[in-house]
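Written below as structure tokens is the structure these notes are about.
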Amino acid sequence: MRSRFTAYVIEDFPYILQTYASQQRSGLTVSQLTDSAQNTQWLHLQVLAHHPQLNTAQVEFKGFYQVDGRYYVMHELSDFVREDEKWCYTTGVIQKDSGEFSPERNSQCLCGSGKKFKKCCGT
């Protein structure tokens, strides 16, 4: 999960495509991934839970991002399967608390600077 998030941050869409399970990767292209992430700046990842099994896993996370100066959170339960000794994304269920949100002024900034939001990106 963390490597996929990092790949979205640095816009490494070929890598993201390779992290999909073979069945989900079929028919998906790098340009489709690039288009879907256009104008999105990924800011912060919170892994809330990780439930690994032998060849499957589920990860609950919140990904915080910004589009056109507005802040959003994507809360998802993601399913992974092990293929060729690598964990690959299969599906995800977006949770109800996903969507636009307003960071509190005194909370830590999502950019990871360690500053309060009001003294960093919230100015």
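The values are calculated or read from the model by the stated rules, or taken from the named source; none is laboratory data. What you are looking at is a predicted structure, and each value in this text was computed from that prediction instead of being measured. Note that each Cβ is placed from the backbone with ideal geometry, even for glycine, and that neighbours are counted across all protein chains shown.
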Qualifying positions in region 6-33 - surrounded by fewer than 12 Cβ atoms within 10 Å (Cβ to Cβ) and on the phi > 0 side of the Ramachandran plot = GLY27
Subset tally (residues that are farther than 21 Å from HIS51 by Cα and not aromatic (Phe, Trp, Tyr)) for region 1-23 | 11
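Looking at region 81-89, is at least one residue closer than 24 Å to CYS121 by Cα, surrounded by 15 or more Cβ atoms within 10 Å (Cβ to Cβ) and either among the hydroxyl-bearing types (Ser, Thr, Tyr) or touching a Gly at 6+ places or on another chain (Cβ under 6 Å) (or both)? Walk me through how you get there before you give the answer.
Looking only at region 81-89, we keep the residues that are closer than 24 Å to CYS121 by Cα, and these are none.
The answer is no; no qualifying residue exists.
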Any chance LEU48 is part of a loop (DSSP other than H, G, I, E, B), under 19 Å from GLY92 (Cα atoms) and among the hydrophobic types (A, V, I, L, M, F, W, C) = no
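Yes/no matrix, rows are residues, columns are (1) over 15 Å from the mean Cα position of the chain (by Cα); (2) under 18 Å from LEU110 (Cα atoms); (3) free of Cβ contacts under 8 Å to residues at least 24 places away in the same chain:
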| residue | (1), (2), (3) |
| --- | --- |
| PRO14 | yes, no, yes |
| THR34 | no, no, yes |
| ALA37 | no, no, no |
| ALA49 | no, no, yes |
| PRO52 | yes, no, yes |
| TYR65 | no, yes, no |
| ASP68 | yes, yes, no |
| MET74 | no, yes, no |
Would it be correct to say that ASP97 is farther than 20 Å from THR6 by Cβ, exposed (fewer than 11 other Cβ atoms within 10 Å of the Cβ), within 16 Å of the chain's Cα centre (by Cα) and at pLDDT 90 or above?
-> yes
Mind listing whichever residues of region 87-123 are in contact (Cβ under 8 Å) with a residue 40 or more places away in the chain, assigned to a strand (DSSP E or B) and of a type outside the set (Phe, Trp, Tyr)?
-> CYS88, THR90, THR91
